[in-house]
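The values are calculated or read from the model by the stated rules, or taken from the named source; none is laboratory data. Since this is a predicted model, take the numbers as computed values, not measurements. Every residue, glycine among them, receives a Cβ derived from its backbone with ideal geometry; neighbour counts consider all protein chains shown.
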Amino acid sequence: MNRRWSVVAACALAAALAAPAAHALDAAQLASQGNGKGAPPCLDCHGIDGGGQVADGFPRLAALDAVYLRRQLDSFADGSRDDPVMKPIATALSSEERQALAEYYSQLPLPAALARPATPSPAPDSRGALLATRGRWSRQVPACEQCHGPGGVGVGAAFPPLAGQPAAYLAAQLKAWQQGRRHNDPLALMQHISTALDEEDVNAVAAWFAAQPLDHAETTP
């Protein structure tokens, strides 16, 4: 009897050890092929390495925090991020698929091409640099770095990296908060901050963060 249960236990242990590998394989397949139920391949927009597409404004997913990524997929599905492209995709993913994709992309390395920005950083006294590093306290706008970390490297699951993300994507998110199409930020911080910025501010601070360098071995604090 003891031997029989030892065999059963050994089989159960082997299955448990194999589960993460199968889980990762499913996520890779989702990313590259979609789920056949309305969710297309993620790599069509976010690249084969998760690095995003600057020209089209699709953000980097690789090496972002898994909790943050899962929260965004859920937000697309429940409407707290109103996006006509991502809403039907997120809705077509099951809860398990959203979690698998969040974990998969969080474990991808930062693409080498993103280690150095494609555009030079604006001057330290430029509008974007001042908003990012000092804020504008006359309008109750704190420095972006106070939440998103030095150079916009990101802090935990609540404050994602801004550095190296496409300027078009960053500007679009600020406008989404301004227009009430996005409201999934902690304590509605971004809703307040975004409404205190004009269009020139939005474009300037987005361009500044897009031009900030990323360490190839980056890990989000």
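Out of Ser80, Ser95, which single residue is at pLDDT 95 or above, over 14 Å from Val205 (Cβ atoms), touching a His at 6+ places or on another chain (Cβ under 7 Å) and not assigned by TED's automatic domain parsing to the domain that holds Phe209?
Step by step, each of Ser80, Ser95 is checked, and only Ser80 is at pLDDT 95 or above, over 14 Å from Val205 (Cβ atoms), touching a His at 6+ places or on another chain (Cβ under 7 Å) and not assigned by TED's automatic domain parsing to the domain that holds Phe209.
So, in the range 104-124, of the ones that are in a loop (DSSP other than H, G, I, E, B) and hydrophobic (A, V, I, L, M, F, W, C), which residue ends up farthest from Ala31 (Cα to Cα)?
Looking at the filtered set, the residue picked out is Ala123.
Looking only at helices (runs of 4 or more DSSP H) that lie completely in the range 125-221, which have at least 2 residues being within 17 Å of the chain's Cα centre (by Cα)?
Ranges flagged: 145-148, 167-178, 199-210.
As an exercise: evaluate Cys45 against (1) buried (at least 19 other Cβ atoms within 10 Å of the Cβ); (2) not in a loop (DSSP other than H, G, I, E, B) and give the number of the one condition it does not meet.
Tallying (1) buried (at least 19 other Cβ atoms within 10 Å of the Cβ); (2) not in a loop (DSSP other than H, G, I, E, B), Cys45 fails exactly one: (1).
Of the numbered conditions (1) in a helix (DSSP H, G or I); (2) surrounded by 15 or more Cβ atoms within 10 Å (Cβ to Cβ), Glu96 fails exactly one; give the number of that condition.
Unmet for Glu96, out of (1) in a helix (DSSP H, G or I); (2) surrounded by 15 or more Cβ atoms within 10 Å (Cβ to Cβ): (2).
Going by the structure shown, is Leu101 assigned to a helix (DSSP H, G or I), touching a Lys or Arg at 6+ places or on another chain (Cβ under 9 Å) and either of a type in the set (Val, Ile, Thr) or more than 17 Å from Cys42 (Cβ to Cβ) (or both)?
Considered against the rule, which asks whether it is assigned to a helix (DSSP H, G or I), touching a Lys or Arg at 6+ places or on another chain (Cβ under 9 Å) and either of a type in the set (Val, Ile, Thr) or more than 17 Å from Cys42 (Cβ to Cβ) (or both), Leu101 comes out as no.
Taking the stated definitions as given, is Ala115 surrounded by 14 or more Cβ atoms within 10 Å (Cβ to Cβ), within 26 Å of Arg70 (Cα to Cα), modelled with pLDDT of 95 or more and touching a His at 6+ places or on another chain (Cβ under 9 Å)?
So Ala115 does not fit the description; no.
Does Ala62 satisfy the criteria of being in contact (Cβ under 8 Å) with a residue 12 or more places away in the chain, over 13 Å from the mean Cα position of the chain (by Cα) and either outside the structural domain of Leu214 (by TED's automatic domain parsing) or over 23 Å from Arg182 (Cβ atoms) (or both)?
Against the criterion (in contact (Cβ under 8 Å) with a residue 12 or more places away in the chain, over 13 Å from the mean Cα position of the chain (by Cα) and either outside the structural domain of Leu214 (by TED's automatic domain parsing) or over 23 Å from Arg182 (Cβ atoms) (or both)), Ala62 does not qualify.
Checking Asp65 against (1) more than 24 Å from Ala167 (Cβ to Cβ); (2) surrounded by 19 or more Cβ atoms within 10 Å (Cβ to Cβ), only one condition comes out false. Which one?
Going through the list (1) more than 24 Å from Ala167 (Cβ to Cβ); (2) surrounded by 19 or more Cβ atoms within 10 Å (Cβ to Cβ), Asp65 breaks only (1).
Restricting attention to the range 124-155, which residues are farther than 20 Å from Glu200 by Cβ and either out of contact with any Ser or Thr (no Cβ under 8 Å at 6 or more places or on another chain) or of a type in the set (Gly, Ala, Ser) (or both)?
Once the filter is applied, which keeps residues that are farther than 20 Å from Glu200 by Cβ and either out of contact with any Ser or Thr (no Cβ under 8 Å at 6 or more places or on another chain) or of a type in the set (Gly, Ala, Ser) (or both), the range 124-155 yields Gln146, Cys147, His148, Gly149, Pro150, Gly151, Gly154.
Can you tell me which residue within the range 68-93, out of those that are in contact with a strand residue (DSSP E or B) (Cβ under 7 Å, 6 or more places away or on another chain) and part of a helix (DSSP H, G or I), is surrounded by the fewest Cβ atoms within 10 Å (Cβ to Cβ)?
Ser75
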